[in-house]
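Notes follow the structure.
The values are calculated or read from the model by the stated rules, or taken from the named source; none is laboratory data. What you see is a predicted model; the values in this text were computed from it and never measured. Counting neighbours? That spans all protein chains shown, and the Cβs are built from the backbone with ideal geometry, glycine included.
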Amino acid sequence: MKHKYVTYPAIFKPLHDDVYFVSFPDVKSAVTEGHGLEDAFKMASDALATMLYDEKRLPTMTNPADLKVEKGSFVALVTADLTQAADNFEKTIRKNVTVPYNIAKKAEDMHLNFSKVLTDALKEKLNYQN
């Protein structure tokens, strides 16, 4: 299988104790941090892939030379394997379900994630292994 790769400029901003905050000007939702540069680059690639693996239209890449950054920060190109990211995620669909009011109320009071609870229950019922 041929893999699909993307490359975008990322801004690495040192925070404290060798921790870097990483953001992508072209992919606003892709933000992360890493402990040390090696970890920051790995986390940046993962964040980029997670945000773009199922996008039909990819954002245009800004020329890294055009980016202005704060003192101490720097710009670096980060590559992500979108094919590998897609393989890591199971496609989901939206389902509308009806549950008794008292159960729904108690679950909401406990801040339960209905999708996760239903998914876990279905996996158990179906003896589903992923």
- From the options Ala65, Ala30, Ala80, residue that is over 30 Å from Val117 (Cβ atoms) and without any contact (Cβ under 8 Å) to a residue 24 or more places away in the chain: Ala65
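Report yes if Ala80 is touching a Ser or Thr at 6+ places or on another chain (Cβ under 7 Å) and assigned by TED's automatic domain parsing to the domain that holds Ala10, otherwise no. Steps first, please.
Values: touching a Ser or Thr at 6+ places or on another chain (Cβ under 7 Å): yes; assigned by TED's automatic domain parsing to the domain that holds Ala10: yes.
In short, yes.
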- Message: Testing Ser23 on (1) modelled with pLDDT under 95; (2) of a type outside the set (Val, Ile, Thr); (3) closer than 16 Å to Val69 by Cα, one condition comes back false. Which one is that?
- Response: (1)
- Query: Of the residues that make up region 25-33, is at least one touching an Asp or Glu at 6+ places or on another chain (Cβ under 9 Å) and either surrounded by fewer than 15 Cβ atoms within 10 Å (Cβ to Cβ) or of a type in the set (S, T, N, Q) (or both)?
  - Reply: yes
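Given Ala76, Ala104, which one is part of a helix (DSSP H, G or I) and surrounded by 10 or more Cβ atoms within 10 Å (Cβ to Cβ)?
Details: Ala76 fails: part of a helix (DSSP H, G or I).
After applying the criteria, what remains is Ala104.
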- Message: Taking the criterion of being among the β-branched types (Val, Ile, Thr) and either loosely packed, with under 15 Cβ neighbours inside 10 Å or over 13 Å from the mean Cα position of the chain (by Cα) (or both), would at least one residue in region 82-89 satisfy it?
- Response: yes
- Residue among Ser45, Ser29 that alone is part of a helix (DSSP H, G or I) and either at pLDDT 95 or above or of a type in the set (Ser, Thr, Tyr) (or both): Ser45
